[in-house]
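K.L.:
One structure follows; several queries about it will come next.
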Amino acid sequence: MRSPRLVIAGVIAIAALSACATTDDSGSAGTDARAVEVEDGTPADTLRLGFFGNVTHSPALIGVEKGFIADALGGETALETTVFNAGPAAVEALFAGAIDASYIGPNPAINAFVKSNGDAVRIVSGATSGGAQLVVRDTITSAADLKGATLSTPQLGNTQDVALRAWLADEGLSTDTQGGGDVSIVPQENAQTLDQFKAGAIDGAWLPEPWASRLVDAGATVLVDEKDLWPDGEFVTTHIIVATQYLADHPQTVKALLEGHIEAVDYINDDPARAQPEVNAAIEKYAGKPLAAGIIARAFENLTFTFDPIASTLQQSADDAAAVGLTDPADLAGIYDLRILNALLRDNGDEPVSTAGLGEQ
């Protein structure tokens, strides 16, 4: 089976910022004159950072709540945060100048890059891999059983929405954006999906963690674990994007953000059992209700927290979306600028990450 496909959703009109970069396998930004060395810019007065109150954004939650990011910024730059429910809203905020950077899923990052002709954003680090599943009623045991079913996703055109539509297409089942076809897809907020599943109004959903685990806790079974659709079970779930102009003007601030991010990822991976209740407390703070201990433990088992943006899966997602006619072909050359991240990793004695595989089939 081929990898699930991520559609580039929506059309967002923005003003062009400047010429597009090209990316080589080292993660550098090629000829982009604005991707300057760290010492050439000036620290920003403020870093306005977006993230979700979601377990897939655990590095952001730990980085903010433990003070790792604010401490790395020091006294020169104030940290302001905005919590989003889904990636398209974060992209809209970045385009509007309301935020400077965000933890975000792959599809909205592709959308921001392509619709701005490669000008608006750069991916500067990975954050999370894995943690998405199609969970369904226990009477559904195969793709064929889904004909006539109603499934949910977090938002029309978001990463899980398109992964579901593409997987169904691979299985010979049709969908459309109005909820028609062989399988009706109803995009809605994750909390509503849980309520609708409990009420019997939907038959399942393709969801990120912890919502997949929450539906399993409510009686759903796993029909598809998305990691089984990708080589080595790895695919990008969350990474960090920065507005290109902000990166060019304030590379020191981006460096500080990544220092805090690295500390947060290391903190989680050093002791996941310690991190789980702290992530859960942050989820309660930002989402209004904590997860049951068993749910967050299951979610953590399905996630990998990593600096690696897993570049090959991003390009494959864009290529597959074009192959099924969901969008025009997308050239993602220049979407990554990993030089600051890799310099920090080398300083820490860690292996640098690469964009090798970007553009390969």
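K.L.:
Tell me the helices (runs of 4 or more DSSP H) entirely within the stretch 67-120 that contain at least 2 residues that are over 21 Å from Tyr336 (Cα atoms) and either in contact with a strand residue (DSSP E or B) (Cβ under 9 Å, 6 or more places away or on another chain) or open to solvent by 10 Å² or more (accessible area, probe 1.4 Å) (or both).
P.N.:
It comes to 68-73.
K.L.:
Do you know which of the residues in the stretch 223-246 that are open to solvent by less than 10 Å² (accessible area, probe 1.4 Å) and in a helix (DSSP H, G or I) is farthest from Val91 (Cα to Cα)?
P.N.:
Glu226
K.L.:
If you don't mind, another one. If you check Ala199, Ala218, which single one turns out to be more than 21 Å from the chain's Cα centre (by Cα) and open to solvent by 50 Å² or more (accessible area, probe 1.4 Å)?
P.N.:
Of the residues listed, the single one that is more than 21 Å from the chain's Cα centre (by Cα) and open to solvent by 50 Å² or more (accessible area, probe 1.4 Å) is Ala199.
K.L.:
Checking Ala273 against (1) among the hydrophobic types (A, V, I, L, M, F, W, C); (2) farther than 30 Å from Ala149 by Cβ; (3) in contact (Cβ under 8 Å) with a residue 60 or more places away in the chain, which single condition isn't satisfied?
P.N.:
Going through the list (1) among the hydrophobic types (A, V, I, L, M, F, W, C); (2) farther than 30 Å from Ala149 by Cβ; (3) in contact (Cβ under 8 Å) with a residue 60 or more places away in the chain, Ala273 breaks only (3).
K.L.:
Can you pull out every residue in the stretch 145-168 that is open to solvent by less than 10 Å² (accessible area, probe 1.4 Å) and more than 9 Å from Val183 (Cβ to Cβ)?
P.N.:
Ser152, Thr153, Gly157, Asp161, Val162, Ala163, Ala166
K.L.:
Where residues in the stretch 344-355 are in a helix (DSSP H, G or I) and free of Cβ contacts under 8 Å to residues at least 24 places away in the same chain, which of them is most open to solvent (accessible area, probe 1.4 Å)?
P.N.:
Arg346
K.L.:
Output the residues belonging to the stretch 52-65 that are surrounded by fewer than 24 Cβ atoms within 10 Å (Cβ to Cβ) and within 20 Å of Ala297 (Cβ to Cβ). Lay out the reasoning, then the answer.
P.N.:
From the stretch 52-65, those surrounded by fewer than 24 Cβ atoms within 10 Å (Cβ to Cβ) are 53, 64-65; that's our starting set.
Residues satisfying the conditions are Gly53, Glu65.
K.L.:
Given the conditions (1) surrounded by 24 or more Cβ atoms within 10 Å (Cβ to Cβ); (2) not in a strand (DSSP E or B), and given that Ser174 satisfies all but one, which numbered condition is not satisfied?
P.N.:
That leaves (1) as the condition not met.
K.L.:
Another question, if that's okay. Based on what the data block shows, is Glu65 in contact with a Lys or Arg (Cβ under 8 Å, 6 or more places away or on another chain) and either aromatic (Phe, Trp, Tyr) or at pLDDT 90 or above (or both)?
P.N.:
yes
K.L.:
Mind counting the residues in the stretch 154-164 that are modelled with pLDDT under 90 and assigned to a helix (DSSP H, G or I)?
P.N.:
Counting residues in the stretch 154-164 that are modelled with pLDDT under 90 and assigned to a helix (DSSP H, G or I) gives 5.
K.L.:
Inside the stretch 45-66, can you point out the residues that are under 26 Å from Pro106 (Cα atoms) and in a loop (DSSP other than H, G, I, E, B)?
P.N.:
First, the residues of the stretch 45-66 that are under 26 Å from Pro106 (Cα atoms): 46-66.
Answer for the stretch 45-66, where residues must be under 26 Å from Pro106 (Cα atoms) and in a loop (DSSP other than H, G, I, E, B): Gly53, Asn54, Lys66.
K.L.:
Is it true that some residue in the stretch 198-205 is hydrophobic (A, V, I, L, M, F, W, C), assigned to a helix (DSSP H, G or I) and modelled with pLDDT of 95 or more?
P.N.:
yes
K.L.:
Six or more apart or on different chains, Cβ under 9 Å: which pairs go from a residue in the stretch 164-191 that's more than 15 Å from Trp206 (Cβ to Cβ) to one that's part of a loop (DSSP other than H, G, I, E, B) and of a type in the set (D, E, K, R)? Could you list them?
P.N.:
Going by the 9 Å Cβ cut-off, the qualifying pairs are Gly172/Asp182; Ser174/Asp182; Asp182/Lys147; Ala191/Lys289.
The values are calculated or read from the model by the stated rules, or taken from the named source; none is laboratory data. Predicted model only: the values in this text are computed from it and were never measured. Positions of Cβ are generated from backbone atoms using ideal geometry, with glycine treated the same way; all protein chains shown enter the neighbour counts. These area figures cover heavy atoms from the full protein model, side chains too; ligands, DNA and RNA do not enter into them. Shrake-Rupley method; radii C 1.70, N 1.55, O 1.52, S 1.80 Å.
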